[in-house]
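*Asks:* Below you'll find the structure I mean.
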Amino acid sequence: MNLEVVAEVLKKRFDVERIDSAPDHLEVELRHYPRDSRAILSVEVVVPREGRLILNRIDEREPPHFERRDRTKDYEKNDDVQELLKRVEHEVKQLKEERGVVFSVTTADANLTFDILEAKMVKQSKTVAKGAEIRFLSQTIKEALALPETITFLLVLARDAAIGVLAGLAANYLFRKLESKPDVKLKIMDTEVPMDKDEIERAILRYVA
């Protein structure tokens with residue numbers, strides 16, 4: 001499991017305050033707003049490369065002064081917090097079972113999200129080949145028409161398939177969708193990638209091979 005990819009996915013899926021990386025784990029601090037409460041929680045978890053998610057600490061902050069208080073024992077059995085932890089665990093488990101890489105596309109073309117997902121409305125995923133799937137993660141909200149916006153996706157490749165072949169098929173799919181868009185900027189993880197099929201494939205393999 002590539003912890004760098006896990007960190008990027010968690011940033012897009014959750015309200016992340018902080019992520020610290022170590023060779024064998026991530027420390028992730030999530031901001032959470034419990035239902036029917038004025039409190040703001042900071043839920044700190046450890047995501048190990050191997051093994052289950054670990055709840056480290058829960059701090060509570062209440063207005064107006066937002067002083068942090070350790071309330072782990074009060075909240076660790078809370079249904080709302082348990083639901084949050086299950087959602088995080090689900091995202092991490094998927095990335096343990098599959099190989100994934102986060103990519104983003106910046107463009108003023110309002111239809112590009114639908115083009116990539118091949119749908120008339122934003123849906124969760126698009127299968128580009130057997131064992132290769134693009135999942136929608138997030139999209140910026142632009143304040144005016146014709147302003148560039150960034151759409152973020154997770155490319156997932158099956159572990160039991162030929163990774164080189166799947167990476168090539170996924171790269172070819174992305175290249176075909178993007179090559180005719182003159183303003184598009186493609187990033188794979190935090191690296192801008194030229195609009196070239198071989199360069200896209202190499203960037204994918206850097207994280208999934």
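The values are calculated or read from the model by the stated rules, or taken from the named source; none is laboratory data. Computed from a predicted structure; not experimentally measured. Quick reminder, even Gly has a Cβ in these numbers, built from the backbone with ideal geometry, and neighbours come from all protein chains shown.
*Asks:* Applying the selection to the stretch 168-209, what residues are among the aromatic types (F, W, Y) and in contact with an Asp or Glu (Cβ under 9 Å, 6 or more places away or on another chain)?
*Replies:* Filtering the stretch 168-209 down to residues among the aromatic types (F, W, Y) leaves 173, 175, 207.
Within the stretch 168-209, F175, Y207 qualify.
*Asks:* Please specify each residue of the stretch 156-176 satisfying the condition of being assigned to a strand (DSSP E or B) and modelled with pLDDT of 95 or more. Lay out the reasoning, then the answer.
*Replies:* Restricting attention to the stretch 156-176, the residues satisfying the condition of being assigned to a strand (DSSP E or B) are 156-158.
If the condition is that a residue be assigned to a strand (DSSP E or B) and modelled with pLDDT of 95 or more, then no residue fits.
*Asks:* Among the residues of the stretch 89-130, which ones are assigned to a loop (DSSP other than H, G, I, E, B) and either within 19 Å of the chain's Cα centre (by Cα) or outside the structural domain of L186 (by TED's automatic domain parsing) (or both)? Give the derivation first.
*Replies:* Initial filter on the stretch 89-130 (assigned to a loop (DSSP other than H, G, I, E, B)): 108-111, 118-124, 130.
Correct list: V122, K123, Q124.
*Asks:* Before we move on, is L10 modelled with pLDDT of 90 or more and within 19 Å of G100 (Cα to Cα)?
*Replies:* The answer is yes for L10.
*Asks:* Which residues, counting only those in the stretch 92-108, are among the hydrophobic types (A, V, I, L, M, F, W, C), buried (at least 17 other Cβ atoms within 10 Å of the Cβ) and under 23 Å from T150 (Cβ atoms)? Reasoning before the result, please.
*Replies:* Filtering the stretch 92-108 down to residues among the hydrophobic types (A, V, I, L, M, F, W, C) leaves 92, 95, 101-103, 105, 108.
Those still in the list that are buried (at least 17 other Cβ atoms within 10 Å of the Cβ) too: 92, 95, 101-103, 105.
Hits for the stretch 92-108 are L95, V101, V102, F103, V105.
*Asks:* Quick one: is E199 assigned to a strand (DSSP E or B), of a type in the set (D, E), at pLDDT 90 or above and surrounded by fewer than 17 Cβ atoms within 10 Å (Cβ to Cβ)? Full working, then the answer.
*Replies:* Working: assigned to a strand (DSSP E or B): no; of a type in the set (D, E): yes; at pLDDT 90 or above: yes; surrounded by fewer than 17 Cβ atoms within 10 Å (Cβ to Cβ): yes.
Considered against the rule, which asks whether it is assigned to a strand (DSSP E or B), of a type in the set (D, E), at pLDDT 90 or above and surrounded by fewer than 17 Cβ atoms within 10 Å (Cβ to Cβ), E199 comes out as no.
*Asks:* Would you check if there is a residue in the stretch 7-30 being surrounded by 15 or more Cβ atoms within 10 Å (Cβ to Cβ), touching a Gly at 6+ places or on another chain (Cβ under 8 Å), among the β-branched types (V, I, T) and under 26 Å from S138 (Cβ atoms)?
*Replies:* Checked the stretch 7-30: at least one residue is surrounded by 15 or more Cβ atoms within 10 Å (Cβ to Cβ), touching a Gly at 6+ places or on another chain (Cβ under 8 Å), among the β-branched types (V, I, T) and under 26 Å from S138 (Cβ atoms).
*Asks:* Any idea how many residues of the stretch 144-174 are over 21 Å from the mean Cα position of the chain (by Cα) and either under 18 Å from A203 (Cα atoms) or of a type in the set (S, T, Y) (or both)? Break it down stepwise before answering.
*Replies:* First, pick out the residues of the stretch 144-174 that are over 21 Å from the mean Cα position of the chain (by Cα): 144-147, 160-162, 164-165, 168-169, 172.
The next check asks that each one be either under 18 Å from A203 (Cα atoms) or of a type in the set (S, T, Y) (or both); those that pass are 162, 164-165, 168-169, 172.
So the answer is 6.
*Asks:* For the stretch 78-85, indicate whether the set of residues that are touching a Gly at 6+ places or on another chain (Cβ under 9 Å) and over 23 Å from L186 (Cβ atoms) is non-empty. Can you show your working first?
*Replies:* Residues of the stretch 78-85 touching a Gly at 6+ places or on another chain (Cβ under 9 Å): none.
No.
*Asks:* Please state which of the following conditions R135 fails to meet, knowing it meets all the rest: (1) surrounded by fewer than 13 Cβ atoms within 10 Å (Cβ to Cβ); (2) modelled with pLDDT of 85 or more.
*Replies:* Answer for R135: the failing condition is (1).
*Asks:* On the given criteria, is L41 among the hydrophobic types (A, V, I, L, M, F, W, C), outside the structural domain of V102 (by TED's automatic domain parsing) and farther than 30 Å from R159 by Cβ?
*Replies:* Details: among the hydrophobic types (A, V, I, L, M, F, W, C): yes; outside the structural domain of V102 (by TED's automatic domain parsing): yes; farther than 30 Å from R159 by Cβ: yes.
Yes, satisfied.
*Asks:* Now, a different point. Tally up the residues in the stretch 37-50 that are exposed (fewer than 14 other Cβ atoms within 10 Å of the Cβ) and under 20 Å from the mean Cα position of the chain (by Cα), please.
*Replies:* Qualifying residue count for the region: 1.
*Asks:* Looking at the structure I just gave you, is I188 modelled with pLDDT of 95 or more, of a type outside the set (F, W, Y), under 13 Å from G100 (Cα atoms) and surrounded by 15 or more Cβ atoms within 10 Å (Cβ to Cβ)? Quick ask: steps written out before the conclusion?
*Replies:* Numbers: modelled with pLDDT of 95 or more: yes; of a type outside the set (F, W, Y): yes; under 13 Å from G100 (Cα atoms): yes; surrounded by 15 or more Cβ atoms within 10 Å (Cβ to Cβ): yes.
Here the answer is yes, as I188 does meet what is asked.
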